[in-house]
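Trainee: What follows is a single structure, and I will ask about it in a moment.
The values are calculated or read from the model by the stated rules, or taken from the named source; none is laboratory data. The structure displayed is predicted, hence computed values, not measured ones. Positions of Cβ are backbone-derived with ideal geometry, glycine not excepted, and every protein chain shown enters the neighbour counts. These area figures cover heavy atoms from the full protein model, side chains too; ligands, DNA and RNA do not enter into them. Shrake-Rupley method; radii C 1.70, N 1.55, O 1.52, S 1.80 Å.
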Amino acid sequence: MSEDRNSAPFRIEAGLRSQHRNLAARGYWRAFSRKLRYPLGPEPKAVAFIERAIDPDHAISAVSQNGDFLGVAGFKSPEGAFIGGGFRDLAATFGWFGATFRGLLIGILERDCEPGTLLMDGIFVEPHARGRGIGKALLKAIESRAAAMGLHHVRLDVIDTNPRARALYEREGFVEKSVQTLGPLSPVFGFSTATQMTKPVGT
């Protein structure tokens with residue numbers, strides 16, 4: 001159980017409760033719709049696809065004492081990802097034609113797992129729960145998961161239009177490793193660069 005001095009306690013737990021699946025899908029879209037608007041929009045279909053593609057085994061959740069959903073951190077491993085899914089899942093939501101070009105766009109954003117490194121697959125906190133230390137607690141939980149898996153680093157990517165998130169990651173010990181530029185695709189995804197940041201586990 002974690003607790004911020006000026007707010008109610010919350011719990012960090014492995015996985016994602018089934019009753020929180022839709023809330024997590026909506027929250028993920030709210031957090032990342034700027035870069036996913038063309039690959040997955042409009043919102044109703046995007047949320048439907050994300051909810052279908054969620055893998056609870058690749059999630060760490062924050063919940064209130066009453067069991068309310070407060071936020072989630074996802075991660076990717078060779079066995080799967082928090083937001084998984086494939087062409088058939090895209091086709092079930094957007095049709096075969098829509099799935100084809102959307103799959104190509106999503107492929108541009110795909111990141112491969114690296115040996116010894118846990119790759120984060122999105123993190124967000126519900127708007128009403130921000131300012132309570134939940135994001136920091138989720139990052140710590142991701143680091144603990146990496147240690148439990150025998151990995152040595154945690155990696156995440158942060159886009160240039162999200163300086164608030166980058167500031168949090170830097171406070172938590174993440175450092176810049178490389179920068180990817182989208183070039184002419186910037187208008188499609190709503191950002192120009194993505195910075196890869198890493199942190200050694202246990203530091």
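Trainee: Please report the relative contact order for the chain, taking Cα pairs under 8 Å with a sequence separation of at least 6, and give it as a percent rounded to a whole number. Could you put the intermediate results ahead of the total?
Mentor: Working: 343 pairs, mean separation 40.1, N = 203.
Once divided by the residue count of the chain, the mean separation gives 20 percent.
Trainee: Also, I was wondering about something else. Between the DSSP loop rule and a limit of at most 14 other Cβ atoms within 10 Å, which GluC sites (Glu not before Pro) in the range 97-203 are left? Present the calculation step by step, with values, prior to reporting the outcome.
Mentor: Values: sites: E110, E143, E170, E172, E176; in loops: E110, E172.
Passing both the DSSP loop test and the Cβ count: E110.
Trainee: In Å², what does the accessible area per residue of the range 10-151 work out to with a 1.4 Å probe?
Mentor: Details: 6720 Å² over 142 residues.
Ligands and nucleic acids excluded, the result is 47 Å² per residue.
Trainee: Of all accessible surface on the chain at a 1.4 Å probe, what whole percent is carbon and sulfur? Intermediate results must be reported in sequence, preceding the final value.
Mentor: Working: 5290 of 10310 Å².
The C+S portion of the solvent-accessible surface of the chain is 51 percent.
Trainee: Among the aspartates and glutamates, which have Cα under 16 Å from the Cα of K35 when same-chain residues fewer than 8 positions away are ignored?
Mentor: The qualifying aspartates and glutamates are E43, E110, D121, D157, D160.
Trainee: In nanometres, what is the gap between the two model label sites at H128 and F101, each 7 Å from Cα along Cα-to-Cβ?
Mentor: So the two model labels end up 3.9 nm from each other.
Trainee: Now for a different question. Under 21 Å from the Cα of K140, which lysines turn up, not counting those fewer than eight places away in the same chain?
Mentor: Of all the lysines, those that pass the test against K140 - Cα under 21 Å, at least 8 places apart if same chain - are K76, K177, K199.
Trainee: Between E110 and S64, what's the calculated FRET efficiency when r is the beta-carbon distance and R0 is 45 Å? Round to 0.05. Before the final figure, lay out the partial values.
Mentor: On the way: r = 33 Å, r/R0 = 0.74.
FRET efficiency, E110 to S64: 0.85.
Trainee: Can you give the percent of C-alpha pairs in the chain whose distance is more than 30 Å?
Mentor: Details: 3637 of 20503 pairs.
Counting every Cα pair in the chain, those more than 30 Å apart make up 18 percent.
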